[in-house]
Amino acid sequence: MSDFLGFIRSDGLVGIRNHVLVLPTVSCANGTVDLIRKILPEVTSVFHSHGCGRAGKDLEIHMRTLVNIGKNPNVAAVVVVGLGCEVIKADWIASGISASGKPVEIVEIQKEGGSRSTAEKAVEICKSFLESVEKHQREPASFAEVLLGLECGGSDAFSGITANPAVGLVSDWLVSKGGTVILTENTEMIGTSHILKRRAINPEVACKVESVIVEAEERTKNVLGPMASIVIAPGNMDGGMTTIQEKSLGCITKAGSTQILEVVDYGMSPTEKGLIIMDGPGYDTESMAGLAAGGAQVILFTTGRGTPAGFPCVPVIKIASNSNTYKAMEDDIDINAGVMLEGESLQCVSEMIINKLVAVLNGEKTRSEYNSLDGVLCLYTSLPSF
Amino acid sequence: MNDTAGIKALLIHPRDNVAVALEDVSPGAQVPLSDGRVVTAKTEIPQAHKIALKRIDSGGAVVKYGEIIGFAKLVIEEGEWVHTHNLSYEE
């Protein structure tokens, strides 16, 4: 079926970009990654914000997130840059990624004799990867192959009435075409477990939905104590939000109205096609890393105040909730849902988003891609480092 | 910016009994809704705040996004501003 043209990978997943990714296993390798990208700007490089000093659950989260970002279908080939003595080994990451069948190579700074010689070796590998991925052709693919990640950041009083409901219609549209939508940001589901539970496909999924939200509520109370009410802040109230249920409904409306088929952990790929909940944090850049690792090829990101944040190997379509923010940050924002406040219909705005989404699936660059393809990888972390 | 121009409050879900004011509304003003209805504002409604579309009894559910966002703390009249003074989630 030809809904759009994408890059069909050997594991059957469909990419909408063809990145050669330079992926460090630890922040100590960032300098070498920087050398590589300066010599060869065509690569897509990420910088690590952590790496060593992780243990327990975090070790597992970081490993699977790095591996799964490498497996993201927008990535055609990967060069893993390790230091050598880090906790999360380059060869673990590389072997995890290679399970997808895509080309993966490792360079290790301690083994290659320092930053420069490592970068030189990596550049040679990247050149040959770039040469081979240039031969990849886009082929007909179906919307059923699309995993759409949802994100909101810098929300304002209009996010929940313009941009988010419009994205909700897009989510319903994609699910109706057989595609997958991932709603994450557990902190923004607080107070809505009774509503989301009802939308679960079966009691088991309902139970998982509830525990994700209850845990988010408990974490908020444990960390913030009496300040937990900050999740509905005075600024939210001035903006017209009265209850936490109202605020959260404004966030989860991005996911539309279909049944929730599955709940996955941060950075995990869904096994079902349809609406999925990922148990991830509210913070934008960490949340997008989880979505990218979950296999999202594209992200719809609504914003009230405006944010330039993108993601290195995943196009992020930015949607402003109001015209002032759109006009002030046109370089960073793709769509203005604020026209709804000037009389445009919800339906019409959602169609604008669908048209943009399809264009981006076919290769049109988003504002965040024009601005920068590289970036720092912020991974969700639940425990202290040591 | 066509037949929908002129609307002053957005109805998010057909089941809702409140709408969201798109601009500051004064008492007595006619408020055309996005679904074609018109309500008369009884109080001031600040931009992005909620206006009641019909009378809500004390203890009655306030519905936005098609879901209960809280319960009326006292009787809310049609056209009244709905916020923390007359709405909370305590059942």
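The values are calculated or read from the model by the stated rules, or taken from the named source; none is laboratory data. The shown structure was predicted, so the numbers you read here are calculated from the model rather than taken from an experiment. All Cβ positions, glycine included, derive from the backbone under ideal geometry; neighbour counts span all protein chains shown. With ligands, DNA and RNA removed, areas are computed over all heavy atoms of the protein, side chains included. Shrake-Rupley method; radii C 1.70, N 1.55, O 1.52, S 1.80 Å.
Observations on the model:
- Options A:THR118, A:THR44; residue that is in contact with a Leu (Cβ under 7 Å, 6 or more places away or on another chain) and of a type in the set (Ser, Thr, Tyr): A:THR44
Yes/no matrix, rows are residues, columns are (1) assigned by TED's automatic domain parsing to the domain that holds A:MET189; (2) hydrophobic (A, V, I, L, M, F, W, C); (3) modelled with pLDDT of 95 or more:
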position: A:ASN68; (1), (2), (3): no, no, yes
position: A:VAL79; (1), (2), (3): no, yes, yes
position: A:ALA99; (1), (2), (3): no, yes, yes
position: A:ILE161; (1), (2), (3): yes, yes, no
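- Residue ID - nearest to the other protein chains (Cβ to nearest Cβ), chosen from residues in the stretch B:67-87 that are under 19 Å from B:PRO14 (Cβ atoms) and acidic (Asp, Glu): B:GLU67
- Evaluating A:ALA255 against the criteria (1) within 12 Å of chain B (Cβ to nearest Cβ); (2) more than 17 Å from A:ILE190 (Cβ to Cβ); (3) small (Gly, Ala, Ser) leaves one unmet condition, (2).
- Those strands (runs of 3 or more DSSP E) lying entirely in the stretch A:268-386 with at least 3 residues away from every other protein chain (no Cβ under 14 Å), under 25 Å from A:GLU217 (Cα atoms) and under 18 Å from the mean Cα position of the chain (by Cα): A:275-279, A:298-303
- Matching entry among A:ASP284, A:ASP334 (being at pLDDT 95 or above and of a type outside the set (Lys, Arg)): A:ASP334
- Taking the stretch A:160-198 as the range and being within 14 Å of chain B (Cβ to nearest Cβ), within 28 Å of A:ASN222 (Cα to Cα) and assigned to a loop (DSSP other than H, G, I, E, B) as the test, the residues that pass are A:GLY160, A:ILE190, A:GLY191, A:THR192.
- Number of positions in the stretch A:43-61 that are within 14 Å of A:LEU373 (Cβ to Cβ) and touching a Lys or Arg at 6+ places or on another chain (Cβ under 9 Å): 3
- From B:LYS54, B:LYS64, residue being in contact with an Asp or Glu (Cβ under 8 Å, 6 or more places away or on another chain), more than 10 Å from chain A (Cβ to nearest Cβ) and among the basic types (Lys, Arg): B:LYS54
- Taking residues in the stretch A:21-46 that are under 9 Å from A:GLY82 (Cα atoms), and partners anywhere that are charged (D, E, K, R) and not in a helix (DSSP H, G or I), the pairs with Cβ atoms closer than 6 Å and at least 6 places apart or on different chains are A:THR25/A:GLU86; A:VAL26/A:GLU86.
- Condition check for A:VAL360: farther than 16 Å from A:ASP156 by Cα, open to solvent by less than 20 Å² (accessible area, probe 1.4 Å) and β-branched (Val, Ile, Thr): yes
- Considering residues of the stretch A:199-222 that are assigned to a helix (DSSP H, G or I), closer than 17 Å to A:ILE276 by Cα and not hydrophobic (A, V, I, L, M, F, W, C) only, the residue farthest from the chain's Cα centre (by Cα): A:PRO203
- Strands (runs of 3 or more DSSP E) fully within the stretch A:43-156 that include at least 1 residues being closer than 27 Å to A:ALA309 by Cα and open to solvent by less than 10 Å² (accessible area, probe 1.4 Å): A:44-48, A:75-82, A:147-153.
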